[in-house]
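Below is one structure, written out as structure tokens; comments come after it.
The values are calculated or read from the model by the stated rules, or taken from the named source; none is laboratory data. Here the structure is a predicted model, which is why all the values come from computation and not from measurement. Here the Cβ is made from the backbone with ideal geometry for all residues, glycine too, and neighbour counts use every protein chain on show.
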Amino acid sequence: MTDSERREQADEVREFLSTRRARITPQQAGLPVFGGNRRVTGLRREEVALLAGMSVDYYIRLERGNLSGASDSVLDSLSHALQLDDAERAYLYDLARAATASERRPPAAPGRIRPVILRMLDAMTDLPAYIRNGRFDILAANSLGRALYAPVYDSPLFAQRGPVNTARFLFLDPGSADFWSDWEKAANDSVAFLRTETGRSPRDKGLTDLIGELSTKSDEFAQRWARHDVKFPRSGVKQLHHPLVGDLALPYEALDLPADPGLCITIYSPAPDSPERQALDLLASWTGSTALQR
């Protein structure tokens, strides 16, 4: 790890821990409050140290960005004191691993999809599905998935460059506000997912370049990036507005591909006989069933 990477990693640890500390009041932590005005909006450092069962000096060292050598028990205690959720706890562990990582860079996720995965994707003729990497590049989609995401594929952003990237579309194409009915939630989730990925892949140059581009070109992205929120992209309901079939509320599952680290398949599966099912059937009638690779 270079000196510059060490400084960036320390800055990220400091900002993450301080923003988590700032959101918890003493009352929420079960601590008594004495005296008059407090100069901090959340917990003081000494209060976090007390809750985590460590010395104030040691906690200050951690918050200054030095997680090197922190044991699992220390990280668990800190997670409990800061009331971290599962995604935040995993991110803290990722930051600690990065602090003691070797100089060798991990292999990047493959850019091509194995034929067996493409055949599986192709077989899902009635469910929209696509495969992405941690940077939210769409690497492959079945025909219904591509039809659903037609506004993204048709964006001028990708006319001269590829692959299609939903985060880039979300923040740099004005048409994204029409496609995502709840744009604010989509924006918040997208940034939190990317932040989570930086913990898993801190030396992914493509990811770093994407974040730099979006931070420079989009104030909306930069403001959200400064919050240091993290989240697992596992499941939920996407609110979309398709130009042909209108508003859709589509349940989805995002599943990691264990044999292809860094790749994930997202599948939309509406309830039978729902308006969304009928809308997808209409889209399916206009498309074939060949998986599309970019």
- Single unsatisfied condition, ILE267 versus (1) under 18 Å from the mean Cα position of the chain (by Cα); (2) without any contact (Cβ under 8 Å) to a residue 60 or more places away in the chain: (2)
- Query: Restricting the first residue to the stretch 1-30 and requiring it to be within 18 Å of ARG61 (Cβ to Cβ), which pairs with a second residue that is at pLDDT below 90 and assigned to a helix (DSSP H, G or I) meet a Cβ separation below 6 Å and a spacing of at least six or different chains?
  - Reply: GLN9/ALA98
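Identify, from the list ARG224, ARG200, ARG234, the residue that is out of contact with any Phe, Trp or Tyr (no Cβ under 8 Å at 6 or more places or on another chain), more than 20 Å from ILE138 (Cβ to Cβ) and basic (Lys, Arg). Spell out the reasoning first.
Details: ARG200 fails: more than 20 Å from ILE138 (Cβ to Cβ); ARG234 fails: more than 20 Å from ILE138 (Cβ to Cβ).
Step by step, each of ARG224, ARG200, ARG234 is checked, and only ARG224 is out of contact with any Phe, Trp or Tyr (no Cβ under 8 Å at 6 or more places or on another chain), more than 20 Å from ILE138 (Cβ to Cβ) and basic (Lys, Arg).
Give the residues of the stretch 24-73 that are over 25 Å from ARG6 (Cβ atoms), surrounded by 11 or more Cβ atoms within 10 Å (Cβ to Cβ) and among the polar types (S, T, N, Q), sorted by residue number.
THR25, GLN28
Please go through the stretch 140-183 and pick out each residue that is among the charged types (D, E, K, R), out of contact with any Asp or Glu (no Cβ under 8 Å at 6 or more places or on another chain) and part of a helix (DSSP H, G or I). If you could, list the steps in order and put the result at the bottom.
First, the residues of the stretch 140-183 that are among the charged types (D, E, K, R): 146, 154, 161, 168, 173, 178, 182.
Keeping just the survivors that are out of contact with any Asp or Glu (no Cβ under 8 Å at 6 or more places or on another chain) gives 146, 154, 161, 173, 178, 182.
Those that are among the charged types (D, E, K, R), out of contact with any Asp or Glu (no Cβ under 8 Å at 6 or more places or on another chain) and part of a helix (DSSP H, G or I): ARG146, ASP178.
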- Message: Pairs please, first residue from the stretch 203-214 and closer than 16 Å to TRP225 by Cβ, second anywhere and assigned to a helix (DSSP H, G or I) and not acidic (Asp, Glu), Cβ atoms under 6 Å, 6+ apart in sequence or on different chains.
- Response: LEU214/PHE171; LEU214/PHE221
- Looking at the stretch 225-254, which of its residues are more than 30 Å from GLU8 (Cα to Cα) and assigned to a loop (DSSP other than H, G, I, E, B)? PRO243, LEU244, VAL245
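Among the residues of the stretch 72-97, write down those that are more than 19 Å from GLU15 (Cβ to Cβ) and touching a helix residue (DSSP H, G or I) at 6+ places or on another chain (Cβ under 9 Å). Before the answer, list the steps.
Here is the first cut: in the stretch 72-97, the residues more than 19 Å from GLU15 (Cβ to Cβ) are 72-74, 76-77, 80, 86.
Scanning the stretch 72-97 gives ASP72, VAL74, ASP76, SER77, HIS80.
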- Candidate set: the stretch 87-104, residues that are modelled with pLDDT of 95 or more and charged (D, E, K, R); chosen: the one surrounded by the fewest Cβ atoms within 10 Å (Cβ to Cβ): ARG89
- Task: Please specify each residue of the stretch 239-254 satisfying the condition of being closer than 15 Å to ALA141 by Cβ and either free of Cβ contacts under 8 Å to residues at least 24 places away in the same chain or aromatic (Phe, Trp, Tyr) (or both).
- Result: TYR252, ALA254
- Task: Of the conditions (1) touching a residue at least 40 places away in the same chain (Cβ under 8 Å); (2) buried (at least 19 other Cβ atoms within 10 Å of the Cβ); (3) not in a helix (DSSP H, G or I), PHE193 clears all except one; give me its number.
- Result: (3)
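How many of the residues in the stretch 212-222 are in contact with a helix residue (DSSP H, G or I) (Cβ under 9 Å, 6 or more places away or on another chain) and either over 20 Å from ALA177 (Cα atoms) or loosely packed, with under 12 Cβ neighbours inside 10 Å (or both)?
Here is the first cut: in the stretch 212-222, the ones in contact with a helix residue (DSSP H, G or I) (Cβ under 9 Å, 6 or more places away or on another chain) are 213-218, 220-222.
Narrowing further to those that are either over 20 Å from ALA177 (Cα atoms) or loosely packed, with under 12 Cβ neighbours inside 10 Å (or both): 216.
Total satisfying the criteria: 1.
Does the stretch 198-212 contain any residue that is among the hydrophobic types (A, V, I, L, M, F, W, C), more than 22 Å from SER18 (Cα to Cα) and assigned to a helix (DSSP H, G or I)? Even if it seems obvious, please write down each step before you answer.
In the first step, residues of the stretch 198-212 are kept if they are among the hydrophobic types (A, V, I, L, M, F, W, C); the result is 207, 210-211.
Filter once more, so that each one left must be more than 22 Å from SER18 (Cα to Cα): 207, 210.
Subsequent filtering for residues that are assigned to a helix (DSSP H, G or I) retains 207, 210.
The answer is yes; a qualifying residue exists.
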- Could you say whether any residue in the stretch 158-165 is more than 17 Å from ASP256 (Cα to Cα), among the polar types (S, T, N, Q) and within 20 Å of the chain's Cα centre (by Cα)? yes
